[in-house]
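Comments concern the structure below.
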Amino acid sequence: MYEQLEPFADQIVEEVSKDLRQAGARPELVFVYGGGSIPMGLQSNLRAKLVEKIRHFNGGDDIPVIWIDQEFAQGMNLRGLELVLKSMGN
């Protein structure tokens, strides 16, 4: 399992990069939660990779990358799903 962490981190960073390119925005703050973010934050280089990639979208400036504690992550995932459902008109 551990040997899959870095390829998974790379995949996450690539998807974040695609989303930032599509949005055409300069992020000021990044929150990370859900989808195994707690072990990824502890046992991979995901944070460093995200910081480096996002730096390219911010003219070289660093921005905070904040990991949401698992105590709050489940509620945030639920709220996010509710917002998506609402935006779809259901």
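So the values come out like this:
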| item | result |
| --- | --- |
| Carbon + sulfur, % of accessible area of the chain - ligands and nucleic acids excluded, 1.4 Å | 56 |
| Spatial separation of Cα centroids for region 1-23 and region 31-90, in angstrom | 11 |
| Cα extents of region 33-84 along the three principal axes, largest first (Å) | 34, 27, 13 |
| Length-normalised contact order of the chain in % [C-alpha pairs under 8 Å, at least 6 apart] | 34 |
| Scaled radius of gyration (Cα, divided by 2.2 N^0.38 Å) that the chain gives | 1.16 |
| Sum of -39500 (n - 2.57) over DSSP H runs of 4+, divided by residues of the chain (222 nm, nearest 500) | -20000 deg cm²/dmol |
| Nitroxide proxy distance, nm - points 7 Å out along Cα→Cβ at Leu85 and Glu15 | 2.1 |
| Set of aspartates and glutamates with alpha-carbon distance to Lys49 below 16 Å, sequence-local pairs under 8 removed | Glu6, Asp10, Glu14, Glu15, Asp19, Asp61, Asp62 |
| Segments 22-29, 48-55, 74-81 sorted - mean Cβ within 10 Å per residue, highest first | 48-55, 74-81, 22-29 |
| Given charges at Cβ of Lys, Arg, Asp, Glu: the chain dipole, positive-most of Met76, Leu5, Leu46 | Met76 |
| Accessible area expressed per residue, region 30-69, with surrounding protein chains retained (probe 1.4 Å, Å²) | 54 |
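The values are calculated or read from the model by the stated rules, or taken from the named source; none is laboratory data. Values in this document were obtained by computation on a predicted structure and should not be read as measured data. Backbone-built Cβ (ideal geometry, glycine too); neighbour counts: all protein chains shown. Heads up: the accessible areas ignore ligands, DNA and RNA and are worked out on the full protein's heavy atoms, side chains in. Shrake-Rupley method; radii C 1.70, N 1.55, O 1.52, S 1.80 Å.
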